[in-house]
Structures are given as structure tokens and as C-alpha cells.
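First up is the structure itself, then whatever we jot down about it.
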Amino acid sequence: MASAPVKDSAENQPFAGFDWLLLLAAAGIWGSSFYFTDIALRAEHPGLITWLRVLFGFCTIMVFPASRRSVEATDHKKLLLLGVTWMAFPLTLFPIAQQWINSSLTGMLNSAMPVMAVIVGATVFNTPTHRKQLTGVAVGILGILMIGLPAASGDTTTALGVILVVAAVSSYGVAVHIAGPLQRKYGSLAVLSRVLAVAVVAVTPYGIVGLLDSTWAVDAVVSNLILGVGGTGFAFVAAATLTGRVGAVRMSIVTYLVPVVAIVLGLFLLDETLQTWQLVGSGTLIVGAWMSTRPAE
């Protein structure tokens, strides 16, 4: 999610202390988002969770002056599409899916984003791929099957939950190809502010339905704030800043840390259980994701 092209010298420099702080902040916030979604679902309808998340995220991003940078009218259609594929659609699916699958499993499947990005890029955007990326896709798909099939074989609703998460991650795979050029042109925050504005409008009807079917709970409200201000606000700022400092490839390390955070929180704070095959599958998927982000040698 680079806001500007990164010089080769930046790519080759070791991580500074601030870089590690940005990396851990983004990974920790995004990795914990599945945990806090699970907490919010105890009192709130999925629609309300999504609505408040994008609304609080939008308000947070608008605090930064760079978010108000003007954009050309010729890019408005792309920003509308990005608002759906990057925010409205996937952030609607995640809470729905977590009604039927646990937070650890959701976080593990989320690491398929780089794999989906390669698949979508090759099939939809005609993005050149190389052998290492294609191998990574094959390894990643194997990991997805190892994670999802044990859960999906349980009952119909669990299978639906897995499918919804894969659909959400596939939507991210579409969004990354639209977002990249726009972010390089205008900066990450200017793009994010428009994208979140579109998402707020898009999910408001579903959010109102959710509001009417939710109950008040302090822990749910706290979770909403963390998901919105943190997960859809500051985490994106941290990731964009890190990309500008160390490059997009090294920033992608965040993707590999997110499922680790989700698994730890799910197992130790929510008493979730995972099968051995799912843990092995998570490692396999992370390897596939890593290979999918490697440049050609």
C-alpha cells in the first residue's frame, strides 16, 4: 500500500526500531480484529459491526490532512469500485462468516490474500507472473484446502463460513490491483478517505438493519472502536508509513504475522480449538503467500 515509489536504497536498509514498531502495530491490530469481531458478535448484528467499523475508520483517517488531498474526477469510478471491493464487501462478509467459524480459522484464511492477488492479477488484470509466484499459488491453495476442508466437513453453515471468508479475501485480491496505482498517484490516505466514504454509504442500510437487531454491551462498543479506529484507521496509516520506509515487498511481512496473532488470541482468550491439519495448513498457506510476493530472480 505504498504512497510513493520507494528507492532501492530504502529496500536494502535494515529495519530501524520505528519500522519494527510500525510492523508490529499493523500486524497486532489486524490480527486481533477477528478476536474483537467475535466479542462484538455476542451482542451485535453483523451489519452493525461492519457499519461502525467503516464509519469509525473514516472518521479516523479524516483526522490526517493528507486524507483531504484532491483527486481527479477521472478516477472517481475506480474509487467507487475500490470502496466496494476493498472495504464494503469483504468487511461485510467477515462478521457474517464468524457466526459459524471461529476467529482463529478466519485469521488463518485471511493470509491467502497474496495468493488471491496473484490469481486475480493473472486472470483479470493480465498481470505478468513468474514461476515462483505460480508455485506459491499452488502451495497456497493446498494450504487453504488443509485449513478449510476439516472445518467445512462439519456442517453446512460452517462450510458457508469458510466460503464467505475466501470470497472476502478474493475481493481483497481484486482491490489490491486497483488500489496500487491510485495510491502511488495520490497517496494512501487520500485514497483511503474516499474508499471509506463509499463504504460507509454502501453499508449504511445493512447497518441500520443491524442496529435494530442488536443489544447494548460495553465490550461490544469497545470492540467496535478498536476495529474502526484501530483496524480500519491507524493500522492502515502504520502500513502505509512502513511501505514508504521499507518498500511494499518487506511490508508484506504483515500478512504472515496476522494469522499468528489471530491464532494466539483465539486459542488462549476464546478457548478455540484447531486441528493439527489446520495448523499445518496455515504454515503451508503462509509459505505460499510468501512465494507469491517474491520478485522474479
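The values are calculated or read from the model by the stated rules, or taken from the named source; none is laboratory data. Note that this is a predicted model, so its numbers are computed, not measured. Here Cβ is always computed from backbone atoms with ideal geometry, including for glycine, and neighbour counts include all displayed protein chains. Just the protein is used for accessible areas: all its heavy atoms, side chains included, with ligands, DNA and RNA removed. Shrake-Rupley method; radii C 1.70, N 1.55, O 1.52, S 1.80 Å.
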Query raised in the report: Based on what the data block shows, is LEU52 within 21 Å of ASN224 (Cα to Cα) and under 22 Å from the mean Cα position of the chain (by Cα)?
Result: yes
**Report entry** Unmet requirement for GLY233, which otherwise passes all of (1) open to solvent by less than 10 Å² (accessible area, probe 1.4 Å); (2) without any contact (Cβ under 8 Å) to a residue 24 or more places away in the chain
**Finding:** (2)
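Suppose the filter is in contact (Cβ under 8 Å) with a residue 60 or more places away in the chain and either buried (at least 19 other Cβ atoms within 10 Å of the Cβ) or within 22 Å of ALA73 (Cα to Cα) (or both); does ALA217 pass it? Before the answer, list the steps.
Details: in contact (Cβ under 8 Å) with a residue 60 or more places away in the chain: yes; either buried (at least 19 other Cβ atoms within 10 Å of the Cβ) or within 22 Å of ALA73 (Cα to Cα) (or both): no.
Against the criterion (in contact (Cβ under 8 Å) with a residue 60 or more places away in the chain and either buried (at least 19 other Cβ atoms within 10 Å of the Cβ) or within 22 Å of ALA73 (Cα to Cα) (or both)), ALA217 does not qualify.
Any residue in the range 119-135 that is within 12 Å of ILE286 (Cα to Cα), open to solvent by less than 60 Å² (accessible area, probe 1.4 Å), assigned to a helix (DSSP H, G or I) and among the β-branched types (Val, Ile, Thr)?
Kept after step one, since they are within 12 Å of ILE286 (Cα to Cα), are these residues of the range 119-135: none.
Within the range 119-135 (the criterion being within 12 Å of ILE286 (Cα to Cα), open to solvent by less than 60 Å² (accessible area, probe 1.4 Å), assigned to a helix (DSSP H, G or I) and among the β-branched types (Val, Ile, Thr)), the answer is no, since none of the residues qualifies.
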Query raised in the report: Out of the residues in the range 136-151 that are open to solvent by 30 Å² or more (accessible area, probe 1.4 Å) and at pLDDT below 90, which is farthest from THR276 (Cα to Cα)?
Result: LEU149
**Report entry** Filtered residue count, the range 259-297, keeping only those that are at pLDDT 90 or above, open to solvent by less than 70 Å² (accessible area, probe 1.4 Å) and among the charged types (D, E, K, R)
**Finding:** 1
Report task. Just need a number here: residues in the range 236-258 that are open to solvent by 30 Å² or more (accessible area, probe 1.4 Å) and hydrophobic (A, V, I, L, M, F, W, C). Result -> 4
**Report entry** Inter-residue pairs, beta-carbon under 6 Å, first at pLDDT 95 or above and in the range 62-85, second open to solvent by 60 Å² or more (accessible area, probe 1.4 Å) and assigned to a helix (DSSP H, G or I), 6+ apart
**Finding:** LEU79/ARG194
Report task. Enumerate the pairs (first residue in the range 13-37 and under 23 Å from LEU269 (Cα atoms) and open to solvent by less than 40 Å² (accessible area, probe 1.4 Å); second residue anywhere and not in a helix (DSSP H, G or I) and not hydroxyl-bearing (Ser, Thr, Tyr)) with beta-carbon separation below 6 Å, excluding pairs fewer than 6 apart on the same chain, so at least 6 apart or on different chains. Result -> THR37/GLN98
Report summary line: For GLU44, the lone unmet condition from (1) part of a loop (DSSP other than H, G, I, E, B); (2) open to solvent by 20 Å² or more (accessible area, probe 1.4 Å); (3) not hydrophobic (A, V, I, L, M, F, W, C) is (2)
Query - Criterion: open to solvent by less than 10 Å² (accessible area, probe 1.4 Å) and closer than 19 Å to ILE178 by Cα - qualifying residue of VAL115, VAL71 - result: VAL115
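May I ask you to say which residue of VAL203, VAL198 is at pLDDT 95 or above and either buried (at least 23 other Cβ atoms within 10 Å of the Cβ) or at positive phi (or both)? Give the steps one after another, and end with the answer.
Values: VAL198 fails: either buried (at least 23 other Cβ atoms within 10 Å of the Cβ) or at positive phi (or both).
Result of the check over VAL203, VAL198: VAL203.
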**Report entry** Single unsatisfied condition, LEU109 versus (1) part of a helix (DSSP H, G or I); (2) without any contact (Cβ under 8 Å) to a residue 24 or more places away in the chain; (3) not aromatic (Phe, Trp, Tyr)
**Finding:** (2)
